[in-house]
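Take a look at the structure below.
Readers should treat all values here as calculations from the given coordinates under stated rules, not as data from a laboratory. The shown structure was predicted, so the numbers you read here are calculated from the model rather than taken from an experiment. Don't worry about glycine lacking a Cβ; one is built from the backbone with ideal geometry, like all the others, and counts go over all protein chains shown.
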Amino acid sequence: MNVSRFAAAALLTICCGSAAARDSGLIFVSSEKDHAVTVLDGKSLAVVKVIATGERPRHMQFSPDRRTLYVVASDSGRIDLIDVAKLEVGSSVDVGDDPEAFDVGVDGKHFYISMEEDAAVSVIDVASGEQVAEIEVGEEPEGVKVSPDGKTVYATSEVASMVHVIDAATNEIRSNVTVGNRPRRFAITPDGGEVWVTSELAGEVTILDGRTDRIKGTIPFKPKGFRDEDVTPVGIVMSRDGKTAYVTLGRANHVAVVDVAKREIEDYILVGRRAWGATLSRDEKTLYVVNGMSDDLSIVDTVKRRVLKSVPVGRVPYGVAVDD
């Protein structure tokens with residue numbers, strides 16, 4: 001699990017560079033079947049470039065300085081590093097078989113990667129590309145999220161229906177919490193007090209206390225006209241003030257808008273088929289949602305709570321990231 005000297009040097013520059021975000025306005029969409037990331041102009045929504053990546057690109061995240069977009073290529077066993085200025089893969093980090101999702105430590109020094117085949121969370125040094133720890137978790141880990149203070153790492157196990165709470169200082173599991181069937185992804189309130197996890201086959205979000213690791217409550221989703229088995233929440237994103245959560249409902253083709261404090265569903269927004277990954281614009285007036293079965297990106301007005309436009313992208317889009 002390493003990178004070339006050139007790539008390692010590039011990674012070190014990425015970690016330690018002081019440049020501000022480029023704010024290009026570009027939208028990046030990973031497409032599992034095209035083995036590529038589609039880049040759209042944020043204003044015109046026209047395709048700027050299609051960047052070839054490793055096989056089956058999935059989760060994406062910017063480096064802290066936003067010069068680089070990290071893209072996990074599951075079937076290639078690596079993370080590709082896209083140079084945001086050049087719009088090309090500059091280097092790659094080999095991480096092992098079947099990585100799915102990841103998060104970056106708050107200091108930008110470590111990747112925390114869910115390794116589906118190994119039933120583990122792998123901790124990789126960003127600068128060297130070397131593995132520094134491997135933490136055994138339940139079968140088919142998926143979502144990974146670092147707490148705002150960087151002290152805790154959360155990981156889901158789809159098969160075990162469990163959230164693993166990991167101490168980032170020791171890389172040891174602190175707690176195992178059973179949640180709804182097939183947990184997928186996380187959102188955390190800004191103060192770290194609540195951890196929200198989507199449970200795909202339970203059709204709900206489970207809320208954990210970020211300090212005690214205990215369950216505080218659940219929110220089931222019941223959009224009109226859909227059977228319970230078709231309500232499959234996966235993606236979740238929370239506003240910076242922690243007041244509103246947006247949850248993609250998979251086969252139910254909607255996004256739920258949730259008041260975080262009240263734990264009440266305020267609205268359901270119709271999007272494309274199998275709503276999956278989502279992200280907010282910097283001003284939080286726009287929500288971007290990729291739809292895995294209709295191969296498009298929904299542009300959602302968060303004030304009016306309706307889709308402004310649907311834009312075709314690659315086949316089976318998985319994740320979306322915006323450089324704004």
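The table below lists the values:
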read-out	value
Net dipole in debye of the range 39-125 [+1 Lys, Arg Cβ; -1 Asp, Glu Cβ; about Cα centre; nearest 20]	600
Qualifying aspartates and glutamates (Cα of each under 14 Å from Cα of K49; at least 8 residues distant if same chain)	D34, D41, D83, E88
Long pairs among K243/K304; K43/K243; K222/K262; K243/K285, criterion Cα-Cα beyond 20 Å	K43/K243
Within the range 60-129, trypsin sites (Lys or Arg not before Pro) in DSSP loop having at most 13 other beta-carbon neighbours inside 10 Å	K86
For the range 54-124: rounded, prolate or oblate by the Cα gyration tensor [a/c cutoff 1.5]	oblate
For the chain: relative contact order, % (alpha-carbon pairs under 8 angstrom, 6 or more apart)	13
Relative contact order for the range 185-324, counting Cα pairs under 8 Å that sit 6 or more residues apart, in percent	14
Structure-based [θ]222 nm, the chain - -39500 (n - 2.57) summed over DSSP H runs of at least 4, per residue, nearest 500	-1000 deg cm²/dmol
Fewest-first sequence of T248, T279 by Cβ atoms within 10 Å of each Cβ	T279, T248
The chain - charge dipole about Cα centre, Lys and Arg +1 at Cβ, Asp and Glu -1, debye rounded to 20	1280
Global form of the range 119-199, assessed from the alpha-carbon gyration tensor, a/c cut-off 1.5	oblate
For the range 123-233, size of Cβ-based charge dipole, Lys and Arg +1, Asp and Glu -1, in debye	560
Label corresponding to volume of the Cα convex hull per residue in Å³ when calculated from the structure given, among (i) 167; (ii) 114; (iii) 131	(ii)
Cα gyration tensor category, rounded, prolate or oblate, for the range 282-324 with a/c compared to 1.5	oblate
